[in-house]
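The values are calculated or read from the model by the stated rules, or taken from the named source; none is laboratory data. Note that the coordinates shown come from a computational prediction; the quantities given were computed from them, not determined experimentally. Heads up, the Cβs are rebuilt from the backbone with ideal geometry, glycines too, and the neighbour counts pull from every protein chain shown.
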Amino acid sequence: MLEPSEAPFRLRRAEAVLRRRTARLVLVLERPWNDENVQAVLRTAESFGVQHIWTVRPLETRWKNSRSLTKGSHLWLTERHFEDTAACVAALREARLPIWATDLGPEADEVETPADLGPLPPRLALAVGREVDGVSAELLAAADRRVYLSMRGFTESFNLSVATALMLQRCFDAEPSLVGAMDEVERADLRRAWFRQLAGDDEARCAEYAAWAESPPEPAADARPSLASRAPRVPRKIRHKVWPNETRDGSR
């Protein structure tokens with residue numbers, strides 16, 4: 001008989017994260033071309049607890065998720081890729097997801113505070129466009145609503161990852177019930193996948209973690225990593241510049 005309190009901390013932490021995941025808001029990235037921006041957006045979305053990321057691939061380039069940029073956040077996301085905007089819009093319609101697109105045009109609603117968003121629909125697709133020209137005319141035509149972030153400077157727009165973070169924050173502030181909005185079937189499937197990933201290649205651990213996946217542990221009270229695991233990861237060749245008094249064994 002598994003005792004929930006005896007589960008490894010990494011599983012209890014994963015359970016805490018899982019219970020705050022949302023499937024209610026889907027983030028759509030349309031044709032982003034800058035690899036570093038894409039990775040930053042994935043990291044931001046995962047940090048907010050957004051599980052589903054749909055991406056319309058740019059024609060000009062192909063990028064791969066980089067652990068150094070995403071800090072591994074992409075490993076915990078459910079990603080779906082489309083070769084063109086039409087296919088993505090068709091899938092959104094099939095899933096009955098209202099589309100809110102970011103846009104700087106005159107038809108867009110200004111979002112300065114969470115209240116400006118008003119009540120969010122039961123499920124929602126938030127679409128952000130590429131760095132150069134934003135959301136395409138095709139996706140804007142399909143959008144149920146257009147929104148833009150208030151700006152007070154001369155700059156025309158925020159960086160893609162910054163704009164995404166600000167808009168997601170507005171959404172979660174406007175609708176706190178987004179946190180944890182996921183049905184139990186999907187949550188159970190994710191738990192199995194996450195625990196299997198956390199087990200690595202150790203067969204005994206795989207069996208142990210699989211058992212925990214079927215008998216979920218109590219979530220950790222604090223989902224943040226331990227202080228030890230948050231130690232800065234600095235390349236050895238520059239460590240001496242950051243910590244000149246560090247000894248060869250890593251102590252300071």
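Results for (1) over 21 Å from HIS52 (Cα atoms); (2) free of Cβ contacts under 8 Å to residues at least 12 places away in the same chain; (3) of a type in the set (Asp, Glu), shown as yes or no for each residue.
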residue: ALA108; (1), (2), (3): yes, no, no
residue: GLU138; (1), (2), (3): yes, no, yes
residue: GLU156; (1), (2), (3): yes, no, yes
residue: ALA163; (1), (2), (3): no, no, no
residue: LEU166; (1), (2), (3): no, no, no
residue: ARG170; (1), (2), (3): no, no, no
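Just one of (1) at pLDDT below 95; (2) of a type in the set (S, T, N, Q); (3) within 20 Å of HIS52 (Cβ to Cβ) fails for SER177. It is (1). State which residue is surrounded by the fewest Cβ atoms within 10 Å (Cβ to Cβ) when the search covers only the range 57-79 and only residues that are closer than 19 Å to ALA125 by Cβ and at pLDDT 95 or above. In this case the residue turns out to be GLU79. If only residues of the range 107-118 that are more than 22 Å from the chain's Cα centre (by Cα) and exposed (fewer than 13 other Cβ atoms within 10 Å of the Cβ) are counted, the one that is nearest to ALA23 (Cα to Cα) is GLY118.
Per the listing ALA142, ALA101, ALA87, the residue uniquely under 19 Å from the mean Cα position of the chain (by Cα), more than 20 Å from SER47 (Cβ to Cβ) and modelled with pLDDT of 95 or more is ALA101. Per the listing ALA193, ALA115, the residue uniquely of a type in the set (A, V, I, L, M) and not assigned by TED's automatic domain parsing to the domain that holds LEU42 is ALA193. For the criterion of being within 21 Å of PHE48 (Cα to Cα) and either surrounded by 12 or more Cβ atoms within 10 Å (Cβ to Cβ) or in contact (Cβ under 8 Å) with a residue 12 or more places away in the chain (or both), ASP144 fails.
For PHE154, are the conditions met, namely being assigned to a helix (DSSP H, G or I) and either over 27 Å from VAL56 (Cα atoms) or not assigned by TED's automatic domain parsing to the domain that holds HIS52 (or both)? Considered against the rule, which asks whether it is assigned to a helix (DSSP H, G or I) and either over 27 Å from VAL56 (Cα atoms) or not assigned by TED's automatic domain parsing to the domain that holds HIS52 (or both), PHE154 comes out as no.
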